[in-house]
């Protein structure tokens, strides 16, 4: 969520300023472009050089230290920010923000920015509980400022209570959640008026009434795609095979069992579908003979003869007209090679491939790490993220291409 996001990190003069180094480093590691503004007091606790090295950008303290004659620095930073994060925020800074004072670089920038502002207070427990500070924080919240509540524990002053700056890892998670929610809100109507059909889970190929062939697919990725498409405004039809998680509420769902069942259900949707997403792990083979009664165990070995099932993705690729077809490929080696072969051979618009042997990317996980390909090659190499976020990234690319906008 933080890749390419421009974050202005304001650091004010409390002992918790030392944690800003880890916070700055963590934001940069997740792809954020961090610009640091320190108050004069903050520079007594942590050096400008430290933050400059970690952020890879100049650090600003003095309003009158204008280094680029083409811009007014505090206005420039106010304009470029996707988010302003004040961590730690002292009682003094919170009070200045409430009154609208502008007596240094940070407070001047805060008055000039129209970006969202997030504040992580850090102070003595009695200061945090003072009626003036409580009123000031409430005033800021009413203005739309987002607060990250401090933690409880031993404070630098020796007191035990609430007032300790929240840990950098938690702040980064809150920032990630903020941008994720923002992105989802922006995308809420991206697929409005579109019909999206999603297949999910594995298929069951019967040997007899009590035995069958299946695979490890949990259905989590397909359900994540269906939920994401629904959140983006699409009319969604989910075709679910064997899944290991609850079906999503509010989404029209058809449950099937075998590869043939799924094929027939998909064909029933095909002619009035805008986007077809084939996440299901469909069996490649099925027993040639299905016994109507339970097979009895015998002394000799059993030879099970299998025949090929219909290749649903390939069949759709051959029938494709205006539909946007997305396939999935779970691989264990040579991912790029197999993905490029599959996307061309099956005439997909996009193919999502992953190495299921990698940690966090296999069957049954809540996360995934995928590469998205089209006929020309790699479109996007996504880092490890939740399957829901993978689904949003994938559908955003599909929507952009359907709307004639180039997506990278």
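Some notes on this structure:
- Residue selected from segment 256-301 under the condition under 29 Å from the mean Cα position of the chain (by Cα) and assigned to a loop (DSSP other than H, G, I, E, B), by the criterion surrounded by the most Cβ atoms within 10 Å (Cβ to Cβ): 280
- Given (1) surrounded by fewer than 20 Cβ atoms within 10 Å (Cβ to Cβ); (2) more than 18 Å from residue 7 (Cα to Cα), index of the condition residue 93 fails: (1)
- Residue in segment 191-206 that is in contact (Cβ under 8 Å) with a residue 24 or more places away in the chain, touching a helix residue (DSSP H, G or I) at 6+ places or on another chain (Cβ under 7 Å) and closer than 25 Å to residue 111 by Cα present: no
- Qualifying helices (runs of 4 or more DSSP H) (wholly inside segment 61-153; at least 2 residues being farther than 29 Å from residue 173 by Cβ): 73-80, 131-142
- Residue within segment 16-36 that is under 22 Å from residue 135 (Cα atoms) and assigned to a strand (DSSP E or B) present: no
- Among the residues of segment 70-102, those identified as without any contact (Cβ under 8 Å) to a residue 60 or more places away in the chain, under 14 Å from residue 145 (Cβ atoms) and within 34 Å of the chain's Cα centre (by Cα) are 94, 97, 98.
- Set 51, 9, 2: member being in a helix (DSSP H, G or I) and closer than 19 Å to residue 83 by Cβ: 51
- Checking each residue of segment 313-329 against the condition of being closer than 16 Å to residue 204 by Cβ and surrounded by 14 or more Cβ atoms within 10 Å (Cβ to Cβ) gives no match.
- Yes/no for residue 9 being closer than 18 Å to residue 168 by Cβ, in contact (Cβ under 8 Å) with a residue 24 or more places away in the chain and under 32 Å from the mean Cα position of the chain (by Cα): yes
- Some residue of segment 230-241 being within 16 Å of the chain's Cα centre (by Cα) and either surrounded by 21 or more Cβ atoms within 10 Å (Cβ to Cβ) or assigned to a loop (DSSP other than H, G, I, E, B) (or both): yes
- Every residue from segment 302-325 that is in contact with a strand residue (DSSP E or B) (Cβ under 8 Å, 6 or more places away or on another chain) and part of a loop (DSSP other than H, G, I, E, B): 304, 305, 309, 323
- Residue within segment 160-169 that is closer than 26 Å to residue 386 by Cα, over 20 Å from the mean Cα position of the chain (by Cα) and surrounded by fewer than 16 Cβ atoms within 10 Å (Cβ to Cβ) present: yes
- Residue 225 assigned by TED's automatic domain parsing to the domain that holds residue 365, more than 20 Å from residue 356 (Cβ to Cβ) and surrounded by 17 or more Cβ atoms within 10 Å (Cβ to Cβ): no
Residues checked against (1) free of Cβ contacts under 8 Å to residues at least 24 places away in the same chain; (2) in contact with a helix residue (DSSP H, G or I) (Cβ under 9 Å, 6 or more places away or on another chain); (3) surrounded by fewer than 16 Cβ atoms within 10 Å (Cβ to Cβ); (4) within 29 Å of residue 1 (Cβ to Cβ):
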position: 336; (1), (2), (3), (4): no, no, yes, yes
position: 350; (1), (2), (3), (4): no, yes, no, yes
position: 353; (1), (2), (3), (4): no, yes, no, yes
position: 358; (1), (2), (3), (4): yes, no, yes, yes
position: 366; (1), (2), (3), (4): no, yes, yes, yes
position: 395; (1), (2), (3), (4): no, yes, no, yes
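The values are calculated or read from the model by the stated rules, or taken from the named source; none is laboratory data. Model, not experiment: these values are computed from the prediction. With ideal geometry, Cβ positions are generated from the backbone for all residues, glycine too; neighbour counts draw on all protein chains shown.
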